[in-house]
1. If r is the Cβ-Cβ distance from residue 194 to residue 97 and R0 is 35 Å, what FRET efficiency results, to the nearest 0.05?
2. Give the lysines whose C-alpha is closer than 19 Å to that of residue 310, dropping any in the same chain fewer than 8 places away, or say none.
3. Charges at C-beta only: +1 for Lys and Arg, -1 for Asp and Glu. How large is the resulting dipole of the chain about its Cα centre, in Debye rounded to 20?
4. So what are the radius of gyration and Dmax for the Cα set of the chain, in Å?
5. Taking θ as phi - 60°, what are the ³J(HN,Hα) couplings along segment 312-317 by the Karplus curve (6.51, -1.76, 1.60), each to the nearest whole Hz, with x for Gly and Pro?
6. How would you order 262-270, 14-22 from highest to lowest mean count of nearby Cβ atoms within 10 Å?
7. Go ahead and run the numbers for FRET between residue 19 and residue 300, Cβ-Cβ distance against an R0 of 35 Å, rounding to 0.05.
8. How would you rank 203-209, 189-195, highest first, on the average number of other Cβ atoms within 10 Å across their residues?
Amino acid sequence: MTAFGGPEVLRLEEVPTPKPGPGEVLVRVHAVGVNPVETYVRAGTYARLPELPYTPGNDGAGVVEQVGPDVTEFKAGDRVYTAGSLTGTYAEFALCRKEQVHPLPANVSFAQGAAIGTPYATAYRGLLQRALAKPGETVLVHGASGAVGTAAVQLARADGLRVFGTAGSDQGLKLAREQGAHEVFDHRAPEHFEQIMQATGGRGVDVIVEMLANVNLGNDLTILANGGRVVIIGSRGPVEINPRNTMQRDADIRGMILPNTPPQEMASIHAALVARLENGTLRPAIGKEFALAEAAEAHRAVMESGAIGKIVLRTESEK
């Protein structure tokens, strides 16, 4: 992209293939993960904007093409996924710092690998590092059928939590249950907050993973248990709340964005994710797939309500 704006500013162009320097890895990208944050950057509305021209993308999966002279952790031919990139992953090749590259287990497809970086790290950071969810607690995942939502459901279920999920379609509710939610609720129903409270026997939920705080936060605070925590992962505007609802419950509202994660904690996240991918605990759910040239269409799709699973771009590299 050479300008900020609507999806139409995304154009497929030929550029030179980057060369890895010290501490860098060149990845031949087979699949690319599309995230809502990339649409905010493209539109010019995100807090941190890149210089133009700019190739979007943090998440991808593929095979190591070449490594820098001092890199011993990876070699050409290794299957990897990326969580961050120096040159952008909406491309056939992506240059990354070695810390941005992680092993992709053989039981995980490239499309699934492209679904890991931002969604799973965000879910892990929010659920386990910010909200400090513990086995035996009850967690509510809003938007449990989306990429971050399905990741949060899988992580919570694997860690021994009682998992509630919301979705806005029959297909989404089915997917949330398939990913491990014990109870699912249709957020199209006006009474779904009352239904969630009833499902806890009136006690309330311990943790809420909130994808759309501008819509839900005021109601979230009314269904928390004492000592409950809301971790805000997404919001598209302001919201009015009653602070007394936090006072009555000794409740916490905790915000997060993934770029704030300290390097040591980020390394810990990906070590945990790779282990869970290897043992089959985590199974990224893939939704729509688009060709790389259809990135603009993918940006429209990722912002539609009721998105199911992860939206992925495919390059020609795998053929």
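What follows draws every value from the coordinates through simple rules; no lab data is involved. Since this is a predicted model, take the numbers as computed values, not measurements. Backbone-built Cβ (ideal geometry, glycine too); neighbour counts: all protein chains shown.
1. Working: r = 48 Å, r/R0 = 1.37.
Computed FRET efficiency for residue 194 and residue 97 comes out at 0.15.
2. Within the straight-line limit of under 19 Å, residue 310 reaches these lysines: 174, 288.
3. It works out to roughly 460 debye.
4. 19.6, 61
5. Each residue of segment 312-317 in turn: 10, 9, 10, 8, 7, 5 Hz.
6. Working: 262-270: 14.3, 14-22: 12.0.
My ranking of the peptides, most packed first, is 262-270, 14-22.
7. Values: r = 34 Å, r/R0 = 0.97.
For residue 19 and residue 300, the calculated efficiency is 0.55.
8. Details: 203-209: 24.1, 189-195: 12.9.
For the peptides 203-209, 189-195, the packing ranking is 203-209, 189-195.
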